[in-house]
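The values are calculated or read from the model by the stated rules, or taken from the named source; none is laboratory data. These numbers were taken from a predicted model, which means no experiment stands behind them. Virtual Cβ from ideal backbone geometry, glycine too; neighbours counted across all protein chains shown. Only protein heavy atoms, including side chains, enter the accessible area calculation; ligands, DNA and RNA are left aside. Shrake-Rupley method; radii C 1.70, N 1.55, O 1.52, S 1.80 Å.
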Amino acid sequence: MASRIRTPALAAVCLLLLLAAAPASDAAISCSDVIKDLRPCVNYLVNGTGKPPSACCAGASALASAASSSSDKKAACECIKSAAKNMKPNAQLAQALPANCGINLPVTIAPNVDCSKVG
């Protein structure tokens, strides 16, 4: 009798574990991931000149790859917009960053970007 009770309980626990481990299809990239990727760019975007450092381009490239869905792009945009308000990047350097790194960044680095149009 005890084994009959354990089997459904074990099946329920396994199902819950599978559901918890399954990735959500509309889950957005986290702000901490965005900040981690772009942290090497901060000094360049605020005080830099010329080409961005390789670590900055590597991080921007990682962000471009990670922000693949529309919800990821919108979440990354909101995070970057918030950070840009605090760090006040040089607008010309921020606008040129994707081209200077040879990537297509789906998000504009600016404090006034309209994130509802991203995606």
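Can you work out which of the residues in the range 38-53 that are open to solvent by less than 90 Å² (accessible area, probe 1.4 Å) and outside any helix (DSSP H, G or I) is modelled with the lowest pLDDT?
This residue is G50.
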**Message:** Filter the range 68-119 down to the residues that are among the β-branched types (V, I, T), within 21 Å of K51 (Cβ to Cβ) and surrounded by fewer than 18 Cβ atoms within 10 Å (Cβ to Cβ) and list them by number.
**Reply:** I103
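The rows are residues; the columns are (1) over 16 Å from L105 (Cα atoms); (2) modelled with pLDDT of 95 or more; (3) open to solvent by less than 60 Å² (accessible area, probe 1.4 Å); (4) part of a helix (DSSP H, G or I).
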{"position": "L15", "(1), (2), (3), (4)": "yes, no, no, yes"}
{"position": "L19", "(1), (2), (3), (4)": "yes, no, no, yes"}
{"position": "S25", "(1), (2), (3), (4)": "yes, no, no, no"}
{"position": "S32", "(1), (2), (3), (4)": "yes, yes, no, yes"}
{"position": "K36", "(1), (2), (3), (4)": "no, yes, no, yes"}
{"position": "A55", "(1), (2), (3), (4)": "no, yes, yes, yes"}
{"position": "A60", "(1), (2), (3), (4)": "no, yes, yes, yes"}
